[in-house]
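Data first, discussion second: the structure below is written as structure tokens.
Readers should treat all values here as calculations from the given coordinates under stated rules, not as data from a laboratory. Keep in mind that what you see is a predicted model, and the values were worked out from it rather than measured. Quick reminder, even Gly has a Cβ in these numbers, built from the backbone with ideal geometry, and neighbours come from all protein chains shown.
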Amino acid sequence: MESFSEMDTHALPLADETLMSALFEAAGAGVYAVDEGGLVIACNPWAERLLGYEAGTLIGVDAHAILNPRAGNAAGVPEQRPVLREVALGKRVSGDRAVLLCADGSPLPVWWSAAPLPPEMGHGAGAVVVFHDISAQRKHEGQRADRYAHSETMREQAEYDLSEVTWLSELTLAMVSTLEAEQSLERLARQLVPRLADTAVVHLCEGEALRPVAWAHHLPDVLPASPSEAPGLPEDSAHHAALRRVMQGGGMQQTAGPAVDGSAQIGLLGVAEAVDVLVVPLRLRATTLGALTVTRAAASPPFNEADRVLADEVARRTALGLDNARLHAAQADIAATLQRALLTDLPEVSGLELAAHYQPAQRAAEVGGDWYDAFPLDGEDIALVIGDVTGHDIQAASRMSELRNMLRALAVDRPEEGPGQILRRLDTAQSRLTLADAATVILARLSPSSDGRWELSWSVAGHPPPLLLTTESTSTYLTGPSAMLLGLRPTVQRPTARMMLPAGSTLVLYTDGLVESRSQDIDTGMTRLRQYTDTHRSLPLPRLCADLARDLGDTRDDITLLAARTPGTRG
């Protein structure tokens with residue numbers, strides 16, 4: 001092989017010539033020179049190794065014909081422009097990408113630079129080419145691109161998984177945000193389209209039958225707003241059969257949509273143009289609560305395995321929500337039955353009008369500790385009681401019942417005692433028998449006098465004061481002597497207050513749910529109560545009690561009212 005020193009260097013000094021030869025051979029890049037005919041006239045070992053030539057065999061190779069790909073080459077590399085075409089005009093070329101063909105015909109991607117040979121070297125318009133193998137760099141870039149593509153795939157999968165989890169959470173929220181089962185199922189059906197299906201239908205079991213209670217379609221006005229608005233819409237036979245199999249304990253059913261040939265009335269799935277149908281049981285602990293049907297039209301892809309898994313998870317969460325609503329309804333029925341059993345039928349008292357009203361908290365599964373009572377004493381006397389035991393559960397209601405019955409027994413046992421004495425004995429009894437942790441109560445006694453009026457005696461144990469409404473003036477609170485609530489100091493003296501009620505008076509006893517709430521302090525509530533009764537004093541007594549609870553009360557708490565009206569005015 002001709003070394004760099006074999007070319008005419010115009011008698012360079014020996015040290016410089018040796019140095020240049022060493023640099024030429026150890027340049028770390030392939031270097032070769034061609035004459036004006038394109039023949040290789042010099043090269044370094046790097047060029048031979050990179051191109052796969054034995055030592056000395058690259059000299060004399062036609063670089064244009066052998067190293068530079070031509071049209072139709074075996075490696076399939078696009079034709080590339082000859083180096084000399086660029087440098088013939090004395091130009092330098094730097095940093096271009098190219099492909100050189102190795103000795104075995106394989107392509108070698110390179111970065112290359114070229115410069116004209118000096119004319120005085122005697123090789124005409126030749127050129128020197130420096131090239132670097134970039135196949136490793138390309139491989140690295142390819143690996144980096146693969147890693148990036150993989151990371152993008154993983155990111156997209158993570159985003160999809162997150163969106164699916166979020167969507168399932170929203171479905172769960174739709175099921176638990178209300179304890180009205182059919183209302184929650186309507187929300188569920190709307191959220192299923194178009195995320196999972198083009199159409200969603202929910203059936204609930206009613207004995208041996210299934211009743212559609214909610215549906216949704218991804219396009220407006222295709223289906224009636226609700227099943228109740230389409231009672232005559234027929235069932236499709238295949239869908240009905242799948243529903244029956246689910247009712248009988250079968251698992252998920254996948255069927256084709258109904259054929260619409262005009263020979264029969266079009267059913268629900270025919271109207272929805274369903275092509276692919278999944279019927280998924282709403283089942284919990286071997287109890288089938290209903291079925292979820294999801295469908296897709298011809299323009300949508302058929303359900304795949306991932307869709308079936310997702311539909312099954314939706315059905316599982318729906319069944320849990322339905323079971324929760326069912327249990328709540330059962331508890332509410334028990335609570336309502338217990339509450340009705342604890343309410344008192346008011347006695348009929350000659351010359352006195354009585355009315356009571358009880359409004360439970362909106363949380364229907366809870367029973368409060370509020371109570372009212374009215375029962376006769378000696379002669380024509382009547383006892384009126386209103387109270388509130390701390391707590392909002394069945395235990396509070398049970399202790400309220402015990403306390404109420406104990407108060408009845410104590411009042412009837414010694415009718416000659418005043419309300420304060422009776423409450424003191426009740427406090428002692430409840431502390432020893434643990435009838436309640438704490439309770440507020442008003443015990444009042446109405447006694448008729450010979451002139452037709454009624455005498456009121458009463459004692460207050462930590463309860464909001466009675467309200468008295470007369471025909472002659474505005475309503476007032478009877479803020480006479482009172483004592484702390486029951487259960488704190490059983491030995492404390494409890495005073496009794498007395499007054500003669502004017503003719504046509506209305507006495508209102510109430511619990512704190514009427515005058516106090518999270519958004520209103522008790523002073524404001526009591527002012528509103530007094531103003532309301534002044535404005536509506538002419539209402540019949542039962543309506544007055546009902547309107548007070550409706551217009552002033554806090555629906556988050558129980559509200560109890562007991563009212564008595566003496567003769568002498570018309571309500």
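Taking θ = phi - 60°, what integer Hz values does the Karplus form 6.51 cos²θ - 1.76 cosθ + 1.60 yield along the stretch 536-550, in sequence order, with x for Gly and Pro?
Using θ = phi - 60°, the values come out as 10, 5, 7, 5, x, 4, x, 5, 4, 5, 5, 5, 4, 5, 6 Hz.
Under a 5 Å amide H to amide H cut-off, with H placed in plane at 1.01 Å, what residues pair with ILE134 once short-range neighbours are removed?
For ILE134, whose amide H was placed from the backbone, the distant partners under 5 Å are VAL110, TRP111.
Report, by chain and number, residues whose modeled amide H sits under 5 Å from the one on GLY126, excluding near sequence neighbours (fewer than 5 apart, same chain).
Excluding prolines and chain starts, which carry no amide H, the hits are GLU36, LEU117.
For THR428, what charge total do you get from the other residues with a beta carbon under 14 Å from its beta carbon, if Lys and Arg give +1 and Asp and Glu give -1?
Charge balance near THR428 sits at +3.
What net charge is computed for the residues neighbouring GLY480, neighbours being all others with C-beta under 13 Å from the C-beta of GLY480, Lys and Arg scored +1, Asp and Glu -1?
+2
Which trypsin sites (Lys or Arg not before Pro) in the stretch 225-320 sit in a loop by DSSP (not H, G, I, E or B) and have at most 10 other Cβ atoms within 10 Å of their own Cβ?
ARG285
How fast does the stretch 415-571 diffuse by Stokes-Einstein, in µm²/s, taking the Kirkwood radius from C-alpha pairs at 10 °C and 1.306 mPa s?
The Stokes-Einstein estimate is 96 µm²/s.
Based on the alpha-carbon gyration tensor of the stretch 221-324 and its eigenvalue square roots a ≥ b ≥ c, which shape applies: rounded if a/c is under 1.5, prolate if not and a/b is larger than b/c, or oblate?
prolate
Compute the distance from the alpha-carbon center of the stretch 279-301 to that of the stretch 26-52, in whole Å.
Using only Cα atoms to place each centre, the spacing works out to 74 Å.
What are the residues whose amide H is under 5 Å from the amide H of LEU443, where those residues sit 5 or more places off or on another chain and H is modelled from the backbone?
SER459, ALA461
What list of ³J(HN,Hα) couplings, whole Hz, do you get for the stretch 62-73 from phi and the Karplus terms 6.51, -1.76, 1.60, once you set θ to phi - 60° and write x for glycine and proline?
For the stretch 62-73, the Karplus-derived couplings read 6, 4, 5, 8, 9, 8, 8, x, 10, 4, x, 5 Hz, x marking Gly and Pro.
Compare the peptides 505-512, 553-560 by average per-residue count of other Cβ atoms within 10 angstrom and give them in order, highest first.
Descending mean neighbour count gives 505-512, 553-560.
Taking the Cα centre of the stretch 466-571 as the origin and placing charges on Cβ (Lys, Arg +1; Asp, Glu -1), which of GLY480, THR535, ALA549 is farthest toward the positive end of the dipole?
The Cα lying farthest towards the positive end belongs to GLY480.
Once a ≥ b ≥ c are taken as the square roots of the eigenvalues of the Cα gyration tensor of the stretch 463-518, is the result rounded (a/c under 1.5), prolate (a/b larger than b/c) or oblate (a/b not larger than b/c)?
Verdict is oblate for the stretch 463-518.
What's the extension gain from ARG528 to ASP62 if we count 0.36 nm per residue and subtract their Cα-Cα distance?
156.9 nm
Given contacts defined as C-alpha pairs under 8 Å and at least six residues apart, what's the relative contact order of the stretch 438-549, whole-number percent?
25
From the phi of every residue in the stretch 472-484, what ³J(HN,Hα) in whole Hz does the Karplus formula 6.51 cos²θ - 1.76 cosθ + 1.60 yield, where θ is phi - 60° and glycine or proline is x?
With coefficients 6.51, -1.76 and 1.60, one gets 9, 8, 6, 5, 9, 8, 8, 9, x, x, 9, 9, 5 Hz.
Among rounded, prolate and oblate, which fits the stretch 344-462 when a ≥ b ≥ c are the square roots of the eigenvalues of its C-alpha gyration tensor, a/c under 1.5 means rounded, and a/b larger than b/c means prolate?
oblate
On full extension of the chain, what length is gained from GLU353 through ARG308, given 0.36 nm per residue of separation minus the C-alpha to C-alpha distance?
9.6 nm
Sum up the charges of everything whose Cβ sits under 11 Å from the Cβ of VAL222, counting Lys and Arg as +1 and Asp and Glu as -1, but leave VAL222 out.
Here the charged neighbours net out to -3.
Remind me, relative contact order of the stretch 367-496 in percent, using alpha carbon pairs under 8 angstrom and six or more residues apart?
Computed value for the stretch 367-496: 25 percent relative contact order.
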